[in-house]
Amino acid sequence: MTSIKDVAAQAGVSVATVSRVLNSHPSVSPDARTRVLAAVDALGYRPNAVARSLRTDQTRTLGLVISDVLNPYFTELARFVEEEARALGYSVIIGNADERPELQDHHVRTLLDRRIDGLLVSPADGDSPLMAEVSRGGTPMVFVDRWMPGVDVPVVRADGRHAIRDLVAHLHALGHRRLAIIAGPAATTTGDERVEAFREALRARELDLPEAYIGQGDFQADSGRRVTERFLALPEPPEVVFAADNLMALGALDAIRAAGLRVPQDVGLAAFDDIPWFVHTDPPITAIAQPTGELGRAAVRALVDMVEGRSPQSVTLPARLVVRRSCGEPASDRRSNL
């Protein structure tokens with residue numbers, strides 16, 4: 001394995017000079033810097049990241065704690081985070097909270113013990129004393145997708161309120177009046193926000209949201225299935241079920257089919273968090289799409305700004321309605337953007 005001494009010998013300089021070049025120290029002549037970098041390239045030398053971190057107090061490593069790695073939305077988000085971090089010269093270590101606050105906090109502690117430079121978190125719960133402690137302790141941290149009120153860190157998220165309003169207007173135009181929602185956990189900001197946005201959008205159309213039409217889910221498919229079974233057993237079932245995330249929507253679809261019903265002829269289905277699978281279901285599912293790639297990239301840039309001493313602002317991006325055919329849309333409707 002090539003060592004720093006080999007690089008020094010190839011370049012005709014001291015080991016100390018090689019170290020200064022690798023750590024971007026200004027007190028190196030242009031000629032020496034050129035020879036060292038040429039030797040590094042010729043020999044394929046890779047500095048020991050751990051040893052270098054002890055000298056620079058940086059590991060060039062970011063931590064990412066996501067709510068659920070099995071949720072395609074978060075899987076895609078993690079992919080864009082990793083890509084952007086790599087482009088900026090950072091590596092990413094990922095922890096999966098599995099929508100469990102205690103597992104989330106375990107991953108955060110583990111990542112901090114590994115001396116990461118900064119932390120991206122999509123909180124699994126709306127109240128974690130550890131997050132406030134991390135923020136007060138000075139570790140660069142950014143919330144992505146979800147956030148925690150009272151924890152003063154930048155937040156990178158999508159605003160789904162306008163898209164939910166568009167969805168309700170779309171359903172109303174199709175003639176639907178009995179609309180139900182499978183909500184996410186009330187302890188998460190996204191779970192609470194989507195229910196309130198849905199309620200406000202219905203109110204704007206002079207429609208009610210009875211308690212019987214609000215089902216408490218947990219962003220998992222099983223909860224979507226259970227809530228939909230309850231909806232279908234009501235004396236007056238909803239005409240459309242809106243699931244506040246994609247996994248709950250898939251659970252709802254299972255429940256509808258298990259009951260011998262058809263989408264959209266017997267009951268319509270819409271979802272928050274569009275995923276590639278939705279274009280392949282029969283019928284394709286109308287959904288609200290978040291700008292996942294932009295969110296992931298913006299979150300990394302904000303965190304790297306903090307790590308490197310700059311002061312980033314929070315970022316809010318718009319979600320959008322993607323119309324397909326799961327709510328009784330006519331086949332001629334081509335606003336789907338497949």
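Key figures for this structure:
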read-out: Residue match in the range 192-199 (condition: under 23 Å from Leu234 (Cβ atoms), open to solvent by less than 40 Å² (accessible area, probe 1.4 Å) and among the basic types (Lys, Arg)); value: yes
read-out: Among residues of the range 312-334, those that are part of a strand (DSSP E or B), closer than 19 Å to Val81 by Cβ and hydrophobic (A, V, I, L, M, F, W, C), counted; value: 2
read-out: Filtered residue count, the range 275-311, keeping only those that are open to solvent by 70 Å² or more (accessible area, probe 1.4 Å), farther than 13 Å from Leu77 by Cβ and assigned to a helix (DSSP H, G or I); value: 3
read-out: Filtered residue count, the range 13-22, keeping only those that are open to solvent by less than 60 Å² (accessible area, probe 1.4 Å) and under 12 Å from Leu37 (Cα atoms); value: 6
read-out: Unique match (being of a type in the set (Gly, Ala, Ser), surrounded by 20 or more Cβ atoms within 10 Å (Cβ to Cβ) and closer than 12 Å to Thr189 by Cβ) among Gly118, Gly160; value: Gly160
read-out: Subset tally (residues that are closer than 15 Å to Ala302 by Cα and either modelled with pLDDT under 95 or open to solvent by 60 Å² or more (accessible area, probe 1.4 Å) (or both)) for the range 71-84; value: 2
read-out: Residue in the range 258-273 that is open to solvent by 30 Å² or more (accessible area, probe 1.4 Å) and closer than 29 Å to Ala87 by Cβ present; value: no
read-out: Members of the range 73-119 that are more than 24 Å from Pro312 (Cα to Cα) and part of a loop (DSSP other than H, G, I, E, B); value: Ala97, Asp98, Glu99, Arg100, Arg114
read-out: Residues of the range 208-220 that turn out to be open to solvent by 30 Å² or more (accessible area, probe 1.4 Å) and not charged (D, E, K, R), as a count; value: 5
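The rows are residues; the columns are (1) modelled with pLDDT of 85 or more; (2) touching a Lys or Arg at 6+ places or on another chain (Cβ under 9 Å).
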position: Thr2; (1), (2): no, yes
position: Asp6; (1), (2): yes, no
position: Gln10; (1), (2): yes, yes
position: Val15; (1), (2): no, yes
position: Val18; (1), (2): no, yes
position: Asn23; (1), (2): no, yes
position: Val40; (1), (2): no, yes
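The values are calculated or read from the model by the stated rules, or taken from the named source; none is laboratory data. On a predicted model such as this, the values are computed, not experimentally measured, just so you know. Cβ: placed from backbone, ideal geometry, glycine included. Neighbour counts: every protein chain shown. Just the protein is used for accessible areas: all its heavy atoms, side chains included, with ligands, DNA and RNA removed. Shrake-Rupley method; radii C 1.70, N 1.55, O 1.52, S 1.80 Å.
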